[in-house]
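The values are calculated or read from the model by the stated rules, or taken from the named source; none is laboratory data. The structure displayed is predicted, hence computed values, not measured ones. Neighbour counts are summed over all protein chains in view; Cβ atoms, including those assigned to glycine, are modelled from backbone coordinates with ideal geometry. The protein model used for the area step is the full one, side chains on, heavy atoms only, and it has no ligands, DNA or RNA in it. Shrake-Rupley method; radii C 1.70, N 1.55, O 1.52, S 1.80 Å.
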Amino acid sequence: MAGALTDPTWAPVAFGRRAVPQLFGELQRAGAAARLRALTSLCDLVHEPERLYQAVTGGFLKQLKVLFRDEDPSVRAKTSVQGSCVCPVASSCRQAVLASSLLPPLCQLLDDSSFSCRRNVHRVLSRLALLPAGAEALLSLVSKLMLKLTKEEDEEVQLLLLSTLTHCSRLDALPGLASDGVSLLGRKLSHRSLIIRREAAAAMMALSVPMDGKRQVCEDAEVLPVLVGLLRDKDVEVQANAAGVIMNTVIITTGKQRCLDLDVLPVLLGLLSEKKALIMYVLRALTSLAEAPNGRRLLLEQLPLLEKKAEAADQDIRRATQTAIQVITWTP
């Protein structure tokens with residue numbers, strides 16, 4: 001911390017365990033410049049696990065709540081950086097944030113005038129959503145986050161939004177479906193960014209689990225054609241997520257017919273040599289499509305390919321292939 005003693009943008013830092021309490025005191029001083037210096041030093045300090053724990057358990061979250069409402073935008077922005085520092089990979093810190101009353105004032109910053117502040121808030125929310133309790137706490141925000149997604153141009157923030165929405169929708173897809181999520185996410189499926197396509201397809205897969213989600217995917221004229229196109233994407237995770245949506249959708253009769261009309265079978269069969277997760281989605285989709293007369297007829301012609309897959313070394317793939325063959329060859 002020697003640099004902090006000479007850099008005017010940093011506050012002087014005490015030695016050892018006295019550092020965090022000393023900076024806490026600086027945060028309560030009058031003057032935005034003093035608070036900014038203390039926040040800068042504290043943000044660096046909490047990268048050490050021991051100091052992070054000391055800050056979280058020492059009342060720092062209560063101080064963040066006050067600083068989130070600071071009248072100075074630069075203080076709010078720097079505080080949002082600090083918020084992202086106390087929500088690292090360790091789940092204990094995220095749980096501490098959820099247990100505090102920090103979330104409401106944090107979410108108010110989603111409309112802050114500072115872009116960096118808004119971006120940091122999205123970073124915090126995406127990390128909180130990794131916990132089931134965090135995703136549950138954010139469900140009431142899904143409608144607002146969907147609206148933000150339609151207006152946001154920055155790709156990092158779009159990705160953070162999609163990640164948060166994915167985890168929330170995996171817990172409960174209904175808020176997303178009630179917010180026109182299928183249509184809004186559908187617009188992101190063709191994005192030029194591979195990682196945005198990947199996350200948008202993952203969020204769509206979560207929305208397609210409930211029956212209402214399957215119906216909405218079928219009713220949207222553009223979503224299924226784009227998803228079938230994504231089965232040819234250069235990224236296997238994009239392919240897998242798209243196959244997952246199709247797997248969910250073809251459970252219902254309308255989904256089967258729409259996908260068969262889009263000539264999805266040859267594309268799905270061409271993916272049987274890919275990674276396990278993708279193969280499993282494909283096999284389950286083929287099994288459902290075989291329940292339709294047209295699907296069964298077309299798949300009967302591909303039995304040699306499937307019978308070869310039934311000899312796979314992987315037990316899950318072998319079992320899923322055998323189930324598909326049983327449905328395809330079933331006779332009344």
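Here are the numbers for this structure:
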item	result
Count of residues meeting criterion [more than 11 Å from LYS188 (Cα to Cα), open to solvent by less than 70 Å² (accessible area, probe 1.4 Å) and modelled with pLDDT of 95 or more] in region 145-154	4
Exclusive hit being of a type in the set (A, V, I, L, M, F, W, C) and open to solvent by less than 20 Å² (accessible area, probe 1.4 Å), set ILE325, ILE317	ILE317
Pairs where the first residue, in region 129-150, is without any contact (Cβ under 8 Å) to a residue 12 or more places away in the chain and the second is surrounded by 15 or more Cβ atoms within 10 Å (Cβ to Cβ), C-beta under 8 Å, 6+ apart	none
Residue match in region 270-293 (condition: basic (Lys, Arg), crowded, with 18+ Cβ neighbours inside 10 Å and at pLDDT 95 or above)	yes
Conditions (1) touching a residue at least 40 places away in the same chain (Cβ under 8 Å); (2) out of contact with any Leu (no Cβ under 9 Å at 6 or more places or on another chain): number failed by ALA178	(1)
Residues of region 256-269 satisfying the condition of being in a helix (DSSP H, G or I) and surrounded by 15 or more Cβ atoms within 10 Å (Cβ to Cβ)	LYS256, GLN257, ARG258, CYS259, LEU260, VAL264, LEU265, VAL267, LEU268, LEU269
Subset of region 211-224 [surrounded by 17 or more Cβ atoms within 10 Å (Cβ to Cβ) and either closer than 21 Å to ALA292 by Cα or in contact with a strand residue (DSSP E or B) (Cβ under 7 Å, 6 or more places away or on another chain) (or both)]	GLY213, LYS214, ARG215, GLN216, VAL217, CYS218, LEU224
Selection within region 70-118 - at pLDDT 85 or above, loosely packed, with under 14 Cβ neighbours inside 10 Å and not in a helix (DSSP H, G or I)	GLU71, SER113
Some residue of region 238-255 being outside any helix (DSSP H, G or I) and surrounded by 21 or more Cβ atoms within 10 Å (Cβ to Cβ)	yes
Any hit, region 233-242, residues being closer than 25 Å to GLU301 by Cα and of a type outside the set (Gly, Ala, Ser)	yes
Single unsatisfied condition, ASP233 versus (1) assigned to a loop (DSSP other than H, G, I, E, B); (2) closer than 26 Å to PHE115 by Cα	(2)
